[in-house]
Amino acid sequence: MSEYIYDIKELDLSKRYSYADYLLWRFKERVELFKGKVFEMSPEPSTSHQRTSMKIYDLLKAFYQNHDCELFVAPFDVELFSKNDTKSSVVQSDLCVICDPNKIDERGCHGAPDLVVEILSKGNSRKEIQHKYDLYEEAGVREYWIVDYMRRTVLIQVLNKKGVFQSQRLLAEGDRVTSFIFPEFSCPVEDIFKGVTDSLNELGTEYAISHSTNRL
């Protein structure tokens, strides 16, 4: 019978693990599985990250309260499947909307959510951002929002018929965020960032450099 693991040092980080393995981990570190590889998550979210998350949650909750789809917020396990790999991935999306109730159980979501929202933070590495972009695309997430509270921008990726994300125009304050798969939902960009005080001007050059040239 398998045993629980209480110390991350017991893992061999060069190995690839399964979702069944992941369910046995009881250590304090927050991790995700990217195609079986263990990836330690960024430090605990900042106040600005949490404020942004709650603003988006409030806006989406008001829309989905009379909708068949369900809205979830991290921590919430999302197991993703890739057509090109036998190992599944387990991620903690900041927010996600799931319309197929068969994908949901007490452990989380099994399969691609319809809408995923990720909020960039100072602690996000370029590698982490790229991995999640690829995972969401391969798993078939229909719409993916990349929210940057430091730049006050929202970038929406929409999955096309070929299963490839198509990037829409970068949205900034003065624009409106309108969902492509739920076009009835629309709000001003500035509503998402009300009360958020952190900005790009308060960051060092490391963030600006690492986030200036990626495909997002």
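Got at least one residue in region 1-9 being out of contact with any strand residue (DSSP E or B) (no Cβ under 8 Å at 6 or more places or on another chain), among the aliphatic types (A, V, I, L, M) and under 22 Å from ASP94 (Cα atoms)? Checked region 1-9: no residue is out of contact with any strand residue (DSSP E or B) (no Cβ under 8 Å at 6 or more places or on another chain), among the aliphatic types (A, V, I, L, M) and under 22 Å from ASP94 (Cα atoms). If you check ASP134 against the conditions, is it surrounded by fewer than 19 Cβ atoms within 10 Å (Cβ to Cβ) and either touching a residue at least 40 places away in the same chain (Cβ under 8 Å) or closer than 24 Å to ASN84 by Cβ (or both)? In short, yes. Count of region 30-43 residues, restricted to those that are more than 16 Å from the chain's Cα centre (by Cα) and either touching a residue at least 40 places away in the same chain (Cβ under 8 Å) or open to solvent by 60 Å² or more (accessible area, probe 1.4 Å) (or both), is 2. When region 147-200 is filtered for residues that are among the small types (Gly, Ala, Ser), farther than 22 Å from LEU135 by Cα and in contact (Cβ under 8 Å) with a residue 12 or more places away in the chain, the ones remaining, listed by number, are ALA172, GLY174, GLY195, SER199.
Residue by residue, here is whether (1) under 20 Å from CYS187 (Cβ atoms); (2) in contact with a helix residue (DSSP H, G or I) (Cβ under 7 Å, 6 or more places away or on another chain); (3) basic (Lys, Arg) holds:
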residue: TYR17; (1), (2), (3): no, no, no
residue: GLU44; (1), (2), (3): no, no, no
residue: ILE56; (1), (2), (3): yes, yes, no
residue: ALA62; (1), (2), (3): yes, no, no
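For region 133-146, taking the residues that are assigned to a strand (DSSP E or B) and within 10 Å of the chain's Cα centre (by Cα), the one that is farthest from SER46 (Cα to Cα) is identified as TYR144. Candidates are the residues of region 91-118 that are surrounded by fewer than 23 Cβ atoms within 10 Å (Cβ to Cβ) and touching a residue at least 60 places away in the same chain (Cβ under 8 Å); the one that is farthest from PHE63 (Cα to Cα) is ARG107. Among all positions in region 48-58, there is no residue which is open to solvent by 20 Å² or more (accessible area, probe 1.4 Å) and in a loop (DSSP other than H, G, I, E, B).
The values are calculated or read from the model by the stated rules, or taken from the named source; none is laboratory data. It should be emphasised that the depicted structure is a prediction, and the values quoted were computed from it without experimental measurement. Every residue, glycine as well, gets a Cβ built from its backbone with ideal geometry; the counts of neighbours run over all protein chains shown. Accessible surface is based on the protein model in full, side chains and every heavy atom, while ligands, DNA and RNA are left aside. Shrake-Rupley method; radii C 1.70, N 1.55, O 1.52, S 1.80 Å.
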